[in-house]
Every structure is written in C-alpha cells, then in structure tokens.
Amino acid sequence: MKQYLLSIYQPDGPTPPPEVLGPIMAELEKLNDEMKAAGAWVFAAGLHAPSTATVLRVSGDDVLTIDGPFAEGKEHLGGFTVIKAPDLDAALGWGRRLAAVLGTLSIEVRPFQGEVDG
C-alpha cells in the first residue's frame, strides 16, 4: 500500500477555547481509532505555532538560521496524519472524513514519492 500525507491547514490566531476544541479533538480521536482499526493509520501529530519554526537556508558557503516561518501567510500547517491506502481514492476518503471532523480547516492529500503499489 502507498502512504499518503494528510496535511491540516489552519488559520493563524489563537487556539480555539476548550468548549470548541474539546468536541473536535474527541471526534478526531474516534477517527484516528477507526483508521487504526482499518490498518490505515501510520502516524499523526499536531504542530506548535509557526512562530516556533526555525528555517535553515543555504547562502553561499553558509547555512543561515532564520527564526519564524518560511513564508508569511494567513494559514499554516497545523498538523498532519500519515496513512496507508491502496490508492488515491481510498486516501481521499480518509481525507474527506478528516475534513468533516475538522470543519472549516483545509486538508491536503498527497502521496509520498517512491511508493509502489503492493
């Protein structure tokens, strides 16, 4: 089976209050459990705010270290899930389920390079 990255994009700003985030996280845990039971779940994680990022960029013979996110934007990568799926349609099915749980957040589904069927 191929592996796919389900990237979760969220708007910049404060974390939603517990009364909003709590039910979402409970539904997310249920979906993760369902993915695990189906043998699709590989790994998932949330990320700290973009302000905690450190960017490394080559400049001549040096590698510059820059605090903060690589690109300024109104949305950032907030978390991700890595899944196994037999094909893109199956991966998109899990991505749709994740999008339904997370509501207004965008989900990008992308296959890993070098993956082969089987």
Considering amide H positions built from the backbone, and no H for Pro or chain starts, which residues 5 or more places from G79, or on another chain, come under 5 Å of its amide H? I8, L47
So what are the ³J(HN,Hα) numbers for region 47-56, from phi and the Karplus equation (6.51, -1.76, 1.60; θ = phi - 60°), rounded to whole Hz, Gly and Pro as x? 10, 5, 4, x, 5, 8, 6, 10, 9, 10
Please say if region 8-68 is rounded, prolate or oblate, where rounded means a/c under 1.5 for a ≥ b ≥ c the square roots of the C-alpha gyration tensor eigenvalues, and otherwise the choice is prolate for a/b larger than b/c and oblate otherwise? oblate
Between D87 and A45, what is the FRET efficiency for a Förster distance of 30 Å, r being their Cβ-Cβ separation, to the nearest 0.05? 0.75
Of the options T54, V82, P17, report the single residue whose Cα projects farthest towards the positive end of the charge dipole of the chain (beta-carbon charges: Lys, Arg +1; Asp, Glu -1). V82
Helix-only mean residue ellipticity at 222 nm for the chain, each DSSP H run of n ≥ 4 adding -39500 (n - 2.57), per residue, nearest 500: -10000 deg cm²/dmol
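Can you tally the lysine pairs in the chain where the Cα-Cα distance is under 22 Å and the two residues are eight or more apart, or on different chains?
4
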With x for Gly and Pro, the residue-by-residue ³J(HN,Hα) of region 74-83, computed from phi through the Karplus equation 6.51 cos²θ - 1.76 cosθ + 1.60 at θ = phi - 60° and given in whole Hz, is 8, 10, 8, 5, x, x, 7, 9, 9, 10
Quick one: helix 18-37 against the long Cα principal axis of the chain, what's the angle to the nearest 10°, folded into 0 to 90? 60
In debye to the nearest 20, the charge dipole size for the chain, taken about the Cα centre with +1 at each Lys and Arg Cβ and -1 at each Asp and Glu Cβ, equals 260
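Would you work out the relative contact order for region 2-111, in percent, from Cα pairs under 8 angstrom that are 6 or more residues apart?
Value for region 2-111: 47 percent.
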Kindly provide the Kirkwood hydrodynamic radius of the chain in Å, to one decimal, from all pairs of distinct alpha carbon atoms. 15.9
Would you mind getting me the FRET efficiency between F112 and D61? Use the beta-carbon distance for r and R0 = 35 Å, nearest 0.05. 0.65
Choice from T52, T65, T15 with maximal GNM fluctuation in the chain (Cα, 10 Å cutoff): T65
Could you identify which residue out of K74, K36, K84 has the top mean-square fluctuation in a GNM of the chain using Cα springs shorter than 10 Å? K74
Of the residues P14, P50, P86, which exhibits the maximal mean-square fluctuation in a Gaussian network model of the chain defined by a 10 Å Cα contact cut-off? P14
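Quick note: the coordinates plus some simple rules give every number you see, no bench work behind them. The shown structure was predicted, so the numbers you read here are calculated from the model rather than taken from an experiment. Neighbour counts run over all protein chains shown; Cβ positions are idealised from the backbone, glycine included.
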